[in-house]
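To start, the structure under review is shown below, and the notes come after it.
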Amino acid sequence: MRESMEFDVVIVGAGPAGLSMACRLMQQAQQAEREVTICVVEKGSEVGAHIFSGAVFEPRALEELFPNWKERGAPLNTPVVRDDIYLFQDANKAKKIPNSLVPQTMHNEGNYIISLGNMCRWLAEQAEALGVEIFPGFAAAEILFNEDGSVKGIATGDMGVGADGQQKGGYMEGMELHAKYTVFSEGCRGHLGKQLMEKFDLNKDADVQHYGIGIKELWTIDPAKHQPGLVVHGAGWPLDKDTNGGSFLYHGENNQVVVGLVVDLSYSNPYLGPFDEFQRMKHHPVFKETLEGGTRISYGARAITKGGFNSLPKMYFPGGLLIGCDAGTLNFAKIKGSHTAMKSGMLAAESVFAALVEDDQGGKELTSYTEALKNSWVYDELHRTRNFGPAMHKFGTFWGGAFNYLDQNWFKGKLPFTLRDNTPDHAQLKEASKCQPISYPKADGKISFDKLSSVFLSSTNHEEDQPCHLTLKDAAVPVEKNWRLFNGPEARFCPAGVYEYIDDTRDADEKRLQINAQNCLHCKTCDIKDPSQNITWVVPEGTGGPNYPNM
Amino acid sequence: MKILVMVKRVTDPNVIIRVNAENTSVDLNNVKMAINPFCEIAMEEAVRLKEAGIATEIIAMSIGPAQAQDQLRTALAMGADRGLLVESEESLEPLTVAKLTAKVVEEEQIGLVLLGKQSIDTDNSQTGQMLSAILGWSQGTFASKVDIVDNTLNLTREVDSGLQSLTLTLPSVVTCDLRLNEPRFASLPNIMKAKRKPLVIKPAADYGVDLTSKIKTLKVESPNTRQSGEIVGSVAALLDKLKTEKGVI
Amino acid sequence: MSILVLAEHDNTGLKEATLTTITAASQIGGDIDVLIAGDQCAGAAEAAAKISGVSRVRVADNACYKGLLAENTAALVVSLSSEYSHIMAPATTNGKNILPRVAASLDVSAFSDIIGVVSADTFKRTIYAGNAIATVQSEDTIKVITVRGTAFSLAEQNGSASIGAVTEAHDLGLSTFAGESVAKSDRVELTSAGIVISGGRGMQNSENFSMLEKVASKLGAAVGASRAAVDAGFVPNDMQVGQTGKIVAPDLYIAVGISGAIQHLAGMKDSKVIVAINKDPDAPIFQVADYGLVDDLFDAVPQLEQAL
Ligand SMILES: Cc1cc2nc3c(=O)[nH]c(=O)nc-3n(C[C@H](O)[C@H](O)[C@H](O)COP(=O)(O)OP(=O)(O)OC[C@H]3O[C@@H](n4cnc5c(N)ncnc54)[C@H](O)[C@@H]3O)c2cc1C
Ligand SMILES: Cc1cc2nc3c(=O)[nH]c(=O)nc-3n(C[C@H](O)[C@H](O)[C@H](O)COP(=O)(O)OP(=O)(O)OC[C@H]3O[C@@H](n4cnc5c(N)ncnc54)[C@H](O)[C@@H]3O)c2cc1C
Ligand code: SF4
């Protein structure tokens, strides 16, 4: 029998959603002078280690959570001063879009350029000061159920198990954390969230979820070129007309900028490599001028949930809730999800607290949460932008962009119809034989880099001797299907070089899939885009994964 | 016997280190910090000695900034009984650290001090030896085996040529090497309990030790990146270069 | 200025690390005395007298210095220290064990593992496992320094210094030498080998690694590997060189069928001479190699073995 501990609430994942939930719950408890026990588990080595975002931050939810956030020293140091938007025509040309033609959702007055990781570090301090127990380095590996089928809690993963599945020296069995309510805030494509959706059929009435992969680097640049508060967004090149996405460049503090690219995972050409697209993108004069002479100091990647309103699942189930990007509360028209994630967590806190006050012993369906969400600005915001993604998917960047301009600026998102897009991203991939190989330029080591030296800067690592956390349902599928039909797309969409198709040494004409799990950035793209849906991402031993500073 | 374990807060071994733009230090801004891996080994050894009934109490001590409480909590979760933070925002040089520790050793009537063989930030490998000198005790550095019988310490050390065995009188200072043991993971209940274990914070200035540094760091730079050399045409040409130009074979 | 160098020796002769430390001492300038401490170590003293630049060899030959016990040897060095401005030793396990003890006894700071001499009071040393280099200055009257052997060249050996005995024995009775077991030498240890030859994924299987073993045994080298070779099961885990494997800095590192990913370089970039054998002229390993051979390793390695 595993050891167990009891809490009122267990929260899985210390991102903006989970931490806001914890803070809000404790604030209410303190106000009502009631004791509530909250435990947050986080798979990263510390809070913030796995947080990866843009980020232009809309402070709306933060204002509600901590009206005095400034006095408390929240790390919002760089107000946005200007928005530039470019339409990239090719490797050299770009048109700056006049302000009057930009969808309203892309304006950023009142917002801040932040590191979401640092924001979470600060939120964790607030939460701990309020009495929340946060445990970094512990991954929730398994959902526990009561006999009646309701969620009972989670179990953390075992530590000290070898690659062969045998216990090693220092072996420590996982623990059961039981709670009246268990809240899942794992962010985009949570691996337990995915299981819950299946088990409780939470997606029944929702459109298929859609995703993008965001790749980003942090640079220190020449102070003469640094314009704190400048936000640059771009669309078009290097992505072709069948591939959606957008680029960004934000000037933050300390002479640092972040530069990134989000590629829609609905892309169809298996030869496409989001990482390679991003590397070549930086050579465009708009980016290169800023970056030239600078130093790249960090790198990372993370999938982003972009289905928005139409794809929102049912967010409650017996004994628990889904919040933030684990459910998909991101507003893709704004490419912002942290404020809505926070708000969803705060509303969840209110529902859970109301239940606890009534001496609820847990295990129920907290329908009040969805009600509260429907009455909040989150719902309003997501509803207005519901057509944004599907328009892009349906009409491409250009006409989709035009549609979005009209929809968002003239009709404020209130056009009386909804565009739908129900093909899952992994099913969009075409067979390699029907597609053009893409030849990407070689990295120059100054502006563009190879994957392995990039991964190096994420400070990612995993204990080598542990079971592989990228599991295959069928070990034959990679070569039989992904290699033969799709030319091994996982080698390209994985931003960390985890998947390599290498020559089988026993048979020169054969390939073998090598999985370098140690490199993994926990972006979840493989779990989403594998055309065979054969790869399942599960949590590795706690603390494994990237160690992002200031990301 | 009371054991004092020294625990240093350093950058996490997985983190990539970069020199700051001013060339004065490495960039530690929001970098993940952790307990020095060799100190973790020292902590594990202390717990084993307590489990074996040899140690009666384990005090974990850190000399460093307020945030070093995190590392002390880790030590407490691993099994230390109480913690002591000798607080100093300035980073102190090994000699000063040794002098402060010597004061604590006297105050607490310590019988054995365990610490890491070096910290992975400054890479000095001096503190244990200096402490031992100040206390006038025996010293066992780079330990890969610690065995205490009848008030003597049988120690195996990792030395360049292999292994060296020493018999040391107690009290003693022992610095721990990688192969001494494999530290345990701190369990969730122990981490929770650790939050309630006593942890005392005292300013370093209170110990009557001169804290000024005798070492000035003038500059911190990135190591030179290697330049690519030449492509040789054949194995014979290669061997010739290695023999005549470099003399390495 | 006068400098005392505590020698690393095996009683009959000197270790190379002593010669490099003397080179560092001569860069500081001033008279250099060498201290030979040990049990039956006259042979080492003779050898020390031949090193160019040495003025005096001082021999403390006594059973209490057997195994260079830190307590006794430090007391010996401290008893001689008043004559010197610098006390130096190689950054070997002995040097690192003894000199900090000397420094604290003298109430001065110590400098570990220096890689450069800037002036008599300013030195360069690596920090953060070689990821940064600090230039540090000492304000102490006596500077206590250990020296990284690979950072300095060997001192020449055409001198003729005088030899004098230090008779006073400093037996503090705190520790006793109880034996030494020399590392088994049928396989050269990766981290201490003078030459390392490593194979990567290009080796294709474990049998092919025997090609490298053959070269290694001719060169007295240790055999290492990349992670890809370890992951593919060609060789065991403890042969991995790199970020998550062993860190090596031999005089000669030969990378065979290794692409040169940054994580591999992290474990061998401080090698004195790097040789790469790879059939891909664009492999990143060539950017750090002193000598590159663009060739199929299955041709080049057997040729190499035969030519040795
Ligand atoms: C490239 C990119 C750019 C973006 N730009 C912006 C922007 O400019 N503005 C904006 O507002 N938003 C932006 N977003 C979106 C924003 O980052 C997310 O909406 C937000 O992070 C979601 O918060 P969350 O708390 O739901 O999840 P996350 O931030 O993903 O946090 C989840 C946490 O849970 C942990 N976790 C996951 N699974 C487990 C488990 N099983 N056990 C333990 N711990 C677990 C994770 O390690 C992580 O710390 C961007 C996203 C990306 C990828
Ligand atoms: C967190 C982390 C930690 C890591 N730690 C380490 C580490 O400690 N050590 C390490 O090595 N790697 C490490 N890696 C992995 C590293 O990134 C590389 O994947 C690995 O070093 C590649 O090994 P390789 O060069 O043997 O293989 P490859 O990159 O596949 O290179 C094989 C090379 O062999 C050449 N070749 C093939 N056949 C022949 C032939 N017949 N003749 C001549 N040349 C031939 C090819 O041209 C190619 O250049 C780590 C990665 C991460 C993310
Ligand atoms: S293995 Fe999967 S989750 Fe990990 S970095 Fe690659 S694509 Fe992302």
Residue that is among the basic types (Lys, Arg), closer than 24 Å to B:THR225 by Cα and free of Cβ contacts under 8 Å to residues at least 40 places away in the same chain, where the choices are A:LYS442, A:LYS451, A:LYS434: A:LYS442
Do any helices (runs of 4 or more DSSP H) lying entirely in segment B:65-166 carry at least 3 residues that are within 25 Å of C:SER109 (Cα to Cα), away from every other protein chain (no Cβ under 12 Å) and touching a helix residue (DSSP H, G or I) at 6+ places or on another chain (Cβ under 7 Å), and which ones are they? B:94-108
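Could you identify the single residue in C:SER259, C:SER271 that is among the polar types (S, T, N, Q) and within 9 Å of ligand 2 (Cβ to nearest atom)?
C:SER259
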Test for A:SER453: is it surrounded by fewer than 23 Cβ atoms within 10 Å (Cβ to Cβ) and more than 11 Å from ligand 2 (Cβ to nearest atom): no
Just to be sure I understand, how many residues within segment B:49-64 are part of a strand (DSSP E or B) and either touching a Lys or Arg at 6+ places or on another chain (Cβ under 9 Å) or in contact (Cβ under 8 Å) with a residue 60 or more places away in the chain (or both)? 7
Of all residues in segment C:110-133, how many are in contact with a Phe, Trp or Tyr (Cβ under 9 Å, 6 or more places away or on another chain) and either surrounded by 19 or more Cβ atoms within 10 Å (Cβ to Cβ) or within 7 Å of chain B (Cβ to nearest Cβ) (or both)? 6
So, in segment C:177-190, of the ones that are touching a helix residue (DSSP H, G or I) at 6+ places or on another chain (Cβ under 9 Å) and not in a loop (DSSP other than H, G, I, E, B), which residue ends up surrounded by the fewest Cβ atoms within 10 Å (Cβ to Cβ)? C:GLY179
Restricting attention to segment A:429-447, does a residue exist that is surrounded by 13 or more Cβ atoms within 10 Å (Cβ to Cβ) and within 16 Å of ligand 2 (Cβ to nearest atom)? yes
Scanning segment A:127-153 for residues that are part of a loop (DSSP other than H, G, I, E, B) and at the interface with another protein chain (Cβ under 10 Å from one of its Cβ atoms), which turns out surrounded by the most Cβ atoms within 10 Å (Cβ to Cβ)? A:PHE138
Expected output for segment A:43-61 (first residue over 30 Å from A:GLU142 (Cα atoms), partner more than 6 Å from ligand 1 (Cβ to nearest atom) and hydroxyl-bearing (Ser, Thr, Tyr), Cβ below 6 Å, 6+ apart or cross-chain) is A:PHE57/A:TYR112
In segment A:464-484, anything farther than 29 Å from A:VAL161 by Cα and either within 10 Å of ligand 3 (Cβ to nearest atom) or surrounded by fewer than 18 Cβ atoms within 10 Å (Cβ to Cβ) (or both) is listed as A:GLU480, A:LYS481, A:ARG484
Quick check on B:VAL220: is it part of a strand (DSSP E or B), of a type in the set (A, V, I, L, M, F, W, C) and under 21 Å from B:MET1 (Cβ atoms)? no
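For segment C:69-149, list the strands (runs of 3 or more DSSP E) that sit wholly inside it and hold at least 3 residues that are under 19 Å from B:ILE134 (Cα atoms), assigned by TED's automatic domain parsing to the domain that holds C:LYS15 and modelled with pLDDT of 95 or more; which are they?
Fully inside segment C:69-149 and qualifying: C:110-119, C:143-147.
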Can you say whether C:LYS279 is surrounded by fewer than 19 Cβ atoms within 10 Å (Cβ to Cβ), within 7 Å of ligand 2 (Cβ to nearest atom) and within 22 Å of A:THR505 (Cβ to Cβ), as far as the supplied structure shows? yes
If you go through segment B:230-246 one residue at a time, do you hit one that is out of contact with any Lys or Arg (no Cβ under 6 Å at 6 or more places or on another chain), within 30 Å of B:ARG18 (Cβ to Cβ) and not aromatic (Phe, Trp, Tyr)? no
From the list C:GLY202, C:GLY220, C:GLY233, exactly one residue is within 14 Å of ligand 2 (Cβ to nearest atom) and either within 21 Å of C:TYR291 (Cα to Cα) or at pLDDT 95 or above (or both). Which is it? C:GLY202
Which numbered condition C:THR93 fails, given (1) within 19 Å of the chain's Cα centre (by Cα); (2) touching a residue at least 60 places away in the same chain (Cβ under 8 Å): (2)
Condition (residue is surrounded by fewer than 16 Cβ atoms within 10 Å (Cβ to Cβ), in a strand (DSSP E or B) and more than 8 Å from chain C (Cβ to nearest Cβ)) applied to segment B:203-212: is it met by at least one residue? yes
Could you check segment A:154-273 for strands (runs of 3 or more DSSP E) lying wholly inside it with 2 or more residues that are in contact (Cβ under 8 Å) with a residue 60 or more places away in the chain? A:159-161, A:176-184, A:211-220, A:230-236, A:245-251, A:256-264
Go over the candidates A:GLY54, A:GLY44 one by one and state the one that is within 16 Å of ligand 2 (Cβ to nearest atom), in a loop (DSSP other than H, G, I, E, B) and out of contact with any Asp or Glu (no Cβ under 9 Å at 6 or more places or on another chain). A:GLY44
Tell me, please, whether a residue that is near ligand 1 (Cβ under 8 Å from one of its atoms), more than 23 Å from A:VAL257 (Cβ to Cβ) and either more than 14 Å from every other protein chain (Cβ to nearest Cβ) or in contact with a helix residue (DSSP H, G or I) (Cβ under 6 Å, 6 or more places away or on another chain) (or both) can be found in segment A:316-324. yes
Using the structure shown, decide if A:GLU289 is more than 10 Å from ligand 1 (Cβ to nearest atom), within 14 Å of chain B (Cβ to nearest Cβ), over 24 Å from A:LYS343 (Cβ atoms) and of a type in the set (Asp, Glu). no
Spans of helices (runs of 4 or more DSSP H) in segment A:307-417 with at least 3 residues at pLDDT 90 or above and either touching a Leu at 6+ places or on another chain (Cβ under 6 Å) or within 21 Å of A:LYS199 (Cβ to Cβ) (or both): A:338-357, A:367-374
When you go through (1) part of a loop (DSSP other than H, G, I, E, B); (2) of a type in the set (A, V, I, L, M, F, W, C); (3) more than 13 Å from ligand 1 (Cβ to nearest atom) one by one for A:TRP122, which number turns out not to apply? (1)
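Residue-wise test of (1) outside the structural domain of A:PRO16 (by TED's automatic domain parsing); (2) in contact (Cβ under 8 Å) with a residue 24 or more places away in the chain.
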position: A:ALA91; (1), (2): yes, yes
position: A:ALA94; (1), (2): yes, yes
position: A:SER100; (1), (2): yes, no
position: A:THR105; (1), (2): yes, yes
position: A:GLU109; (1), (2): yes, yes
position: A:TYR112; (1), (2): yes, yes
position: A:ALA124; (1), (2): no, yes
position: A:GLU128; (1), (2): no, no
Taking B:ILE231 as meeting all but one of (1) of a type in the set (Val, Ile, Thr); (2) over 23 Å from the mean Cα position of the chain (by Cα); (3) away from chain C (no Cβ under 13 Å), write down the number of the exception. (3)
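The values are calculated or read from the model by the stated rules, or taken from the named source; none is laboratory data. Given the structure is predicted, the values throughout are model-derived calculations rather than measurements. All Cβ positions, glycine included, derive from the backbone under ideal geometry; neighbour counts span all protein chains shown.
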